[in-house]
Amino acid sequence: MTHRPGAARTNAYTFAPSPRASLPGMPPSPPRTDVLVVGGGPAGVALASEFARRGLRVRLVAPEEPRAFAPTYGAWLDELPGWAQACLEAVWTDVRVYMTQTPTPLLRPYALLDNAALLDALLCRAGKHLTWTVGTVRGAARAGEGWEVHGQAGERWWAAVVVDAGGHAGSLRRPRHPGGAALQTAYGVVAHFDSPPISPGSTVWMDYRAEHLPATDVRAAPTFLYAMHLGGTRYLVEETSLIARPAPSRALLRERLYARLRALGALPGEIEREEWVAFPMNAAAPLPGPWLAFGSAAGMVHPVSGFQVAGALSAAPEVADAVTGALVASGPEAAVWAGWSALWPPERRAARELALLGVDALLALPGNMLPDFFRAFFGLPASEWRAFLSHGAGAGDLARTMLRVFAAAKQGVRLPLARAALRQPGVSGRGLLAVARRSDRTGGGPNG
């Protein structure tokens, strides 16, 4: 483990720089902006920053003034943009998973983001063109070629383009969750331990060992340990339910965490803070609408890992380029359409459809079979499981990996997976066609 501290104007639409404002001591904020972003989380601030870097006048509306993001954000180091790699609290090269008593090394560096440093970097990258406004958006109405956005306290803000980055529930539009929201939940603590709960210097990405629990409990509600050594006697330990509908309660996960730690002989001493995580994993690719969306409000949560911050940081420049170019060339409506096209092109939509089939398969697996499933998954060549967990994998790559996991899994795991695929024959068929097209391009079969 290591620690680490304008486009040209056209007749279609014109914009000009304006001073960053809205917080005490700053100049008055401009009445009109090119883009209004709803939400002050990492995704919203990242996209607002990229717009501002391109010379657009940007207003970001969030319920509070800028402060370090609250949740713990981990990410694969190789998925973070170069500038963000200077915003890390720690990096681990010893990253492992446990499905049995023998660990599987993942051989891929894993990072913990320094949330205060990340926010500072994003605001510095934005420069003077970003206005941070404290408020709560409750709606928007057409106003000429743009939008009049309404605040809860009666505020009115005008913008050419509106982006909903309001989190998992959205602010102006609600994400769709086929079959109902399936949640990832986790309860954890950052604490000091006299006896290490994991090997010092390591991160345990997933530990499904459950000998300390009755088999019936594991089958009904499987959970795993996610843990990081933060240096010295400090550790983050979380008991996590990967995905469930309905989800385990906070009380159950807390009980599970302490049962695990007792079994390890590693109960916490001084507790610095508790953590509780609950968010939907199965958002469908959203249909384009009059407002753009981004981050979890746009369904960008990875449906297997639950990650989205690294993906949002990486996608923000591409989306900002598309919106800025179209805004200058063709106006606000074209800019929103260009943003949706950059965020969710057809290949990415096809991949999400297939990934949601994988979610249904995981939901159908009895809990005691999940270790066997992930043993087959992490037994694949590293390039394949890494691609599956990335935000940019195509439908052909996903389908090929799913077929390989099916072939490598035990017979008891295959039957629920097959049933899930047969329940959605259209999606399964399109996945097989994607594999065939990929094979035609590469000259190999599904296993090549």
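Values as computed for the structure displayed
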| quantity | calculated |
| --- | --- |
| Residue in the range 188-199 that is surrounded by fewer than 20 Cβ atoms within 10 Å (Cβ to Cβ), in contact with a Lys or Arg (Cβ under 6 Å, 6 or more places away or on another chain) and not assigned by TED's automatic domain parsing to the domain that holds Pro246 present | no |
| Total residues in the range 165-221, condition hydrophobic (A, V, I, L, M, F, W, C) and closer than 22 Å to Pro42 by Cβ | 8 |
| Any chance Val309 is β-branched (Val, Ile, Thr), farther than 17 Å from Asp34 by Cβ and in the same structural domain as Pro288 (by TED's automatic domain parsing) | yes |
| Subset of the range 203-221 [over 29 Å from His177 (Cα atoms), touching a strand residue (DSSP E or B) at 6+ places or on another chain (Cβ under 7 Å) and either among the aliphatic types (A, V, I, L, M) or in a strand (DSSP E or B) (or both)] | Thr203, Val204 |
| Meets criteria (farther than 21 Å from Val309 by Cβ and either surrounded by 15 or more Cβ atoms within 10 Å (Cβ to Cβ) or within 22 Å of the chain's Cα centre (by Cα) (or both)) for Val163 | no |
| Criterion: within 20 Å of Met99 (Cβ to Cβ) and touching an Asp or Glu at 6+ places or on another chain (Cβ under 9 Å) - qualifying residue of Ala221, Ala186, Ala191, Ala215 | Ala186 |
| Subset tally (residues that are buried (at least 16 other Cβ atoms within 10 Å of the Cβ), assigned to a strand (DSSP E or B) and small (Gly, Ala, Ser)) for the range 222-261 | 3 |
| Check on Arg414, touching a Ser or Thr at 6+ places or on another chain (Cβ under 8 Å), modelled with pLDDT of 90 or more, more than 28 Å from Ser314 (Cα to Cα) and part of a helix (DSSP H, G or I) | no |
| Members of the range 200-218 that are over 27 Å from the mean Cα position of the chain (by Cα) and surrounded by fewer than 16 Cβ atoms within 10 Å (Cβ to Cβ) | Pro200, Glu211, His212, Pro214, Ala215, Thr216 |
| Counted residues, the range 147-181 - those being more than 17 Å from Thr131 (Cβ to Cβ) and among the acidic types (Asp, Glu) | 1 |
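The values are calculated or read from the model by the stated rules, or taken from the named source; none is laboratory data. On a predicted model such as this, the values are computed, not experimentally measured, just so you know. Glycine also receives a Cβ, built like all others from the backbone with ideal geometry; neighbour counts cover every protein chain displayed.
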